[in-house]
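Encoded as C-alpha cells, the structure appears first; notes follow it.
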Amino acid sequence: MSTLTLARAVNAGLRAAMTDDARVVLLGEDIGKLGGVFRVTDGLLDQFGAARVIDTPLAESGIMGTAVGLAYRGYRPVVEIQFDGFVYPAFDQIVCQVAKLHYRTGGAVRMPLTIRIPWGGGIGAAEHHSESPEAYFVHTAGLRVIAASDPREAYVLLRQAIASDDPVVFFEPKRLYHSKGEVDTDLDLADEPPMGLARVVREGTDVTLVTYGAQVPVALDAAVAAEEEGVSIEVVDLRSISPVDYRTVTASVRKTGRAVVTHEAAREAGVGAEIVASIAERCFEYLEAAPQRVTGHDIPYPPAKLEGHHLPDLDRILAAVDRVMDRPHTMAGASQ
C-alpha cells in the first residue's frame, strides 16, 4: 500500500498496464520527454522507450485518427488530450470512428482505446483549460465515460479502462491531481468492482446526493456540514457516467426519498438532467420532494477570479438539500 497523489496513481496505472501488455502504447502532446503538462506520464519514456510513449504534433484529430488505426491493428492505445477544451478538434474522430467502428463492422472490429482527459476547473486556468465536456460523450452511443474521484479510484478505473475492449473516455479531475490517498498497486483487478458500478461513499437516511469526479469531496464535505444540522446525507459516486448504474442510484433514492445531483458542467442538458429525469421515472412513488440539480452556470467558463462563483460549492449544495427537506436555508456555513 502506497500513499499517492491522484496524478501519481494515474502514472502508476499506466506503468502497470504497459508492463502487463506490450500492446499498450501512449500518444499525446509533450507526454514523453516533458512527462506531460501535469507530469502524469513522467518517467514512462525512459522505461518504455519512444516507440511506446509517443510525443505527437499539436493535432488532436491526427492523434485520435492514429490511435484508431493502432486499435484497428490490435494495439491498446491510450491517448492523452492535454486539456479538456482541446478535445473538440478530435470530436469528429471520437463520435464518427471510435464510437461506431464496432457497430459499423458488425462486431468484427474492436476499439480498445482509452482517451485520458484532464478535466474541469478549480486550478485558476482560462477557458479551454477548465471545460466540462462530458455530456457530449455521454450522448454518444458506443462510448464508456468514466470519472475518477480519488487516487485509488483513478488507479483501478484506469487499469480497467485500458483492459476493456470498449472505447473509454476517462476524465481525470485536475483540481484533485495533488490530492492524496492510499493505493494498493499490487491489487488483483479481478477482485475489484466493474468500472460500470457506482459506489456509496457515505451512507445516509434523509437525502441522496449523487455526483462524480471532483465534486465527490465537495459532496462529502456537505454531508458532514448537514450532519451538524441533523440531516443525514447519503453520497453516491457514479464512477461511470455512461452507462449509469441506476440500480445503485435508485436503491439509495428509494431509501431516502429525496435526491440532489451535482456536477461542474452546465445545467442545460447536462448529465444531471438525465439523472434527475431517470430518478423521477424510476422512483416517483418514493419521492418526498422534487429532485434538485446543483451545477455550473450556463456560461462560457469564467476568468480565474470568478470561477469560485461558477463551481458548485458546499453552500449551493446545502441550499438544495434544504429545498428537498422543505426547510429554511440555515445550515452551517451556508449563506442566507
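The values are calculated or read from the model by the stated rules, or taken from the named source; none is laboratory data. Remember, predicted model here, so these are calculated numbers, not experimental data. Glycine also receives a Cβ, built like all others from the backbone with ideal geometry; neighbour counts cover every protein chain displayed. What goes into the accessible areas is simple: the full protein's heavy atoms, side chains included, and nothing from ligands, DNA or RNA. Shrake-Rupley method; radii C 1.70, N 1.55, O 1.52, S 1.80 Å.
Count, please, the residues in segment 257-272 that happen to be more than 17 Å from the chain's Cα centre (by Cα) and surrounded by fewer than 24 Cβ atoms within 10 Å (Cβ to Cβ). Steps first, answer last, please.
Going residue by residue through segment 257-272, those that are more than 17 Å from the chain's Cα centre (by Cα) are 257-260, 268-269.
Among the residues that remain, those that are also surrounded by fewer than 24 Cβ atoms within 10 Å (Cβ to Cβ) are: 257, 268-269.
Looking only at that region, the number is 3.
Residue by residue, here is whether (1) of a type outside the set (Val, Ile, Thr); (2) touching a Ser or Thr at 6+ places or on another chain (Cβ under 8 Å); (3) in contact (Cβ under 8 Å) with a residue 24 or more places away in the chain holds:
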residue	(1), (2), (3)
Ile63	no, yes, yes
Thr66	no, yes, yes
Gln82	yes, no, yes
Tyr88	yes, no, yes
Asp92	yes, yes, yes
Cys96	yes, no, no
Lys100	yes, no, yes
Return a yes/no flag: does segment 12-30 have any residue that is touching a Phe, Trp or Tyr at 6+ places or on another chain (Cβ under 9 Å) and basic (Lys, Arg). yes
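Would you confirm, using the coordinates I've provided, whether Leu34 is more than 23 Å from the chain's Cα centre (by Cα), modelled with pLDDT of 95 or more and either over 22 Å from His178 (Cα atoms) or open to solvent by 10 Å² or more (accessible area, probe 1.4 Å) (or both)? Walk me through it before giving the result.
Numbers: more than 23 Å from the chain's Cα centre (by Cα): yes; modelled with pLDDT of 95 or more: yes; either over 22 Å from His178 (Cα atoms) or open to solvent by 10 Å² or more (accessible area, probe 1.4 Å) (or both): yes.
Yes.
In the set Val68, Val95, Val53, Val24, which member is under 27 Å from Gly121 (Cβ atoms) and either aliphatic (A, V, I, L, M) or in contact with an Asp or Glu (Cβ under 9 Å, 6 or more places away or on another chain) (or both)? If you could, list the steps in order and put the result at the bottom.
Numbers: Val68 fails: under 27 Å from Gly121 (Cβ atoms); Val53 fails: under 27 Å from Gly121 (Cβ atoms); Val24 fails: under 27 Å from Gly121 (Cβ atoms).
Result of the check over Val68, Val95, Val53, Val24: Val95.
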Suppose the filter is in contact with a strand residue (DSSP E or B) (Cβ under 9 Å, 6 or more places away or on another chain), closer than 28 Å to Glu192 by Cα and among the aliphatic types (A, V, I, L, M); does Leu220 pass it? yes
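Specify the residue that is farthest from the chain's Cα centre (by Cα); the eligible residues are those in segment 11-29 that are outside any helix (DSSP H, G or I) and loosely packed, with under 15 Cβ neighbours inside 10 Å. It would help to see each step written out before you state the result.
So in segment 11-29, the residues outside any helix (DSSP H, G or I) come out as 21-29.
Add one more test, that the residue is loosely packed, with under 15 Cβ neighbours inside 10 Å, and what stays is 21-22.
Details: Asp21: 24, Ala22: 26 Å.
Of everything passing the filter in segment 11-29, Ala22 is farthest from the chain's Cα centre (by Cα).
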Restricting to segment 126-137, what's the tally of residues that are hydrophobic (A, V, I, L, M, F, W, C) and surrounded by 18 or more Cβ atoms within 10 Å (Cβ to Cβ)? 2
Residue identified as out of contact with any Pro (no Cβ under 6 Å at 6 or more places or on another chain), over 28 Å from Val168 (Cβ atoms) and at pLDDT 95 or above among Lys305, Lys255: Lys255
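Here's a check for you: in segment 174-207, which residue that is touching a residue at least 12 places away in the same chain (Cβ under 8 Å) and small (Gly, Ala, Ser) is nearest to Glu229 (Cα to Cα)? Don't jump to the end; show me each part of the working.
Taking segment 174-207 first, the residues touching a residue at least 12 places away in the same chain (Cβ under 8 Å) are 174-185, 187, 189, 192, 194-207.
The next check asks that each one be small (Gly, Ala, Ser); those that pass are 179, 181, 196, 198, 204.
Details: Ser179: 28, Gly181: 29, Gly196: 34, Ala198: 27, Gly204: 14 Å.
Across segment 174-207, the extreme among qualifying residues is Gly204.
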Any idea which of (1) open to solvent by 30 Å² or more (accessible area, probe 1.4 Å); (2) under 19 Å from Ala219 (Cβ atoms) is the one Phe284 doesn't satisfy? (2)
Filtering segment 174-211 for residues that are open to solvent by 70 Å² or more (accessible area, probe 1.4 Å) and of a type in the set (Asp, Glu) leaves a count of 5
Name the residue, out of Val168, Val145, that is open to solvent by less than 10 Å² (accessible area, probe 1.4 Å) and farther than 30 Å from Leu306 by Cα. Val168
Identify all residues within segment 212-244 that are open to solvent by 10 Å² or more (accessible area, probe 1.4 Å), polar (S, T, N, Q) and touching a residue at least 60 places away in the same chain (Cβ under 8 Å); write none if there are none. Ser242
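Residues are listed down the side, and each one gets a yes or a no for (1) part of a loop (DSSP other than H, G, I, E, B); (2) within 12 Å of Val78 (Cα to Cα); (3) out of contact with any Pro (no Cβ under 9 Å at 6 or more places or on another chain); (4) among the aliphatic types (A, V, I, L, M):
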{"site": "Ala9", "(1), (2), (3), (4)": "no, no, no, yes"}
{"site": "Ile31", "(1), (2), (3), (4)": "yes, yes, yes, yes"}
{"site": "Val37", "(1), (2), (3), (4)": "yes, no, no, yes"}
{"site": "Thr41", "(1), (2), (3), (4)": "yes, yes, yes, no"}
{"site": "Gln47", "(1), (2), (3), (4)": "no, no, yes, no"}
